[in-house]
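Laboratory data are not the source of any read-out in this text; all were calculated from the coordinates shown. Values in this document were obtained by computation on a predicted structure and should not be read as measured data. We place every Cβ from the backbone using ideal geometry, glycine too, and count neighbours over all the protein chains shown.
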Amino acid sequence: MPSQKQTSKENSNKIQTLYKKIKKERTLVLLKPDAVERGLIGEIISRFEKCGLKIIGLGLVKPNRKLMDKHYPKTKEWIENLGNNFFRTCEENNLKIDVKKEFNVNNAYELGLLVRSWLIDYMCSGPIVKIAIEGPHAVEIVRKIVGHTLPYKAQPGTIRGDFSIDTPILANLEKRAIKNLIHASGSKEEAEYEINLWFTKDELIDYN
Ligand code: GDP
Ligand code: MG
């Protein structure tokens with residue numbers, strides 16, 4: 001049986017690990033080409049700074065298709081979801097589109113692949129800003145500050161709600177991605193993958 005001294009040391013180690021894990025949660029933000037073009041870099045970064053989150057990596061990048069292809073998920077679920085978003089938008093707008101005729105696709109997955117390619121076109125259309133952010137609940141807090149994916153549904157006070165009015169029906173009709181200014185990691189797992197993709201270890205600065 002471990003002695004009381006051993007157990008309390010184990011507990012204190014566990015608490016230390018948990019403390020570090022909470023304080024050092026990280027997330028990735030990309031300011032999309034529309035944010036850079038509209039001169040919103042400073043305004044957007046200041047929102048993350050003001051709430052107390054720490055910027056630990058920052059850079060202006062002109063991404064290529066290969067990098068963007070690695071960035072966006074390739075899972076069947078994520079791609080099909082993009083395709084189903086498209087179908088839902090048509091339904092909500094009483095719009096009947098023959099996707100086979102219009103886009104030469106047969107199902108939600110193939111349509112999702114097409115929307116994903118519009119998204120990659122858009123992300124490669126100009127410079128973007130990559131930001132690594134650290135702090136307790138960084139993933140959740142950043143998503144909250146960014147707001148709903150669809151700008152017309154995003155609450156006032158969120159970045160997408162305050163600075164964009166784009167809507168999926170216009171984006172789909174114009175065969176482009178929704179211009180919603182920002183990408184933010186959707187989960188801790190996504191954040192870890194994305195930070196490793198966009199930053200080298202040397203580019204991430206640890207400071208108090
Ligand atoms: P996010 O995590 O809030 O950025 O949203 P998702 O990961 O679900 O989608 C990725 C990006 O694809 C979004 O930020 C939009 O730019 C774009 N997008 C999502 N849904 C649609 C859609 O139905 N139509 C079009 N054209 N673009 C979409
Ligand atoms: Mg996402």
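Scanning region 130-151 for residues that are out of contact with any Lys or Arg (no Cβ under 9 Å at 6 or more places or on another chain) and crowded, with 16+ Cβ neighbours inside 10 Å yields a total of 5. Considering region 58-80, the residues that are in contact with a helix residue (DSSP H, G or I) (Cβ under 7 Å, 6 or more places away or on another chain) and in a helix (DSSP H, G or I) include one that is surrounded by the most Cβ atoms within 10 Å (Cβ to Cβ), namely Ile79.
Suppose the filter is touching a residue at least 40 places away in the same chain (Cβ under 8 Å) and touching a Phe, Trp or Tyr at 6+ places or on another chain (Cβ under 8 Å); does Ala132 pass it? Step through it out loud before you land on a result.
Numbers: touching a residue at least 40 places away in the same chain (Cβ under 8 Å): yes; touching a Phe, Trp or Tyr at 6+ places or on another chain (Cβ under 8 Å): yes.
Considered against the rule, which asks whether it is touching a residue at least 40 places away in the same chain (Cβ under 8 Å) and touching a Phe, Trp or Tyr at 6+ places or on another chain (Cβ under 8 Å), Ala132 comes out as yes.
For first residues located in region 73-101 and under 15 Å from Gly112 (Cα atoms), partners that are part of a helix (DSSP H, G or I) and of a type in the set (Gly, Ala, Ser) and lie 6+ apart or on another chain with Cβ distances below 6 Å form the pairs Ile79/Gly112; Glu80/Ala108; Glu80/Gly112; Leu82/Gly112; Gly83/Ala108; Gly83/Gly112; Asn84/Ala108.
Quick test for you: out of Ile131, Ile120, Ile97, pick the one residue that is within 22 Å of the chain's Cα centre (by Cα) and either under 17 Å from Ala184 (Cβ atoms) or not in a helix (DSSP H, G or I) (or both). Show your work before the answer.
On the way: Ile120 fails: either under 17 Å from Ala184 (Cβ atoms) or not in a helix (DSSP H, G or I) (or both); Ile97 fails: within 22 Å of the chain's Cα centre (by Cα).
Going through Ile131, Ile120, Ile97 in turn, just one is within 22 Å of the chain's Cα centre (by Cα) and either under 17 Å from Ala184 (Cβ atoms) or not in a helix (DSSP H, G or I) (or both): Ile131.
Of all the criteria given as (1) out of contact with any helix residue (DSSP H, G or I) (no Cβ under 7 Å at 6 or more places or on another chain); (2) assigned to a helix (DSSP H, G or I); (3) more than 16 Å from ligand 1 (Cβ to nearest atom), the one not satisfied by Glu91 is (3).
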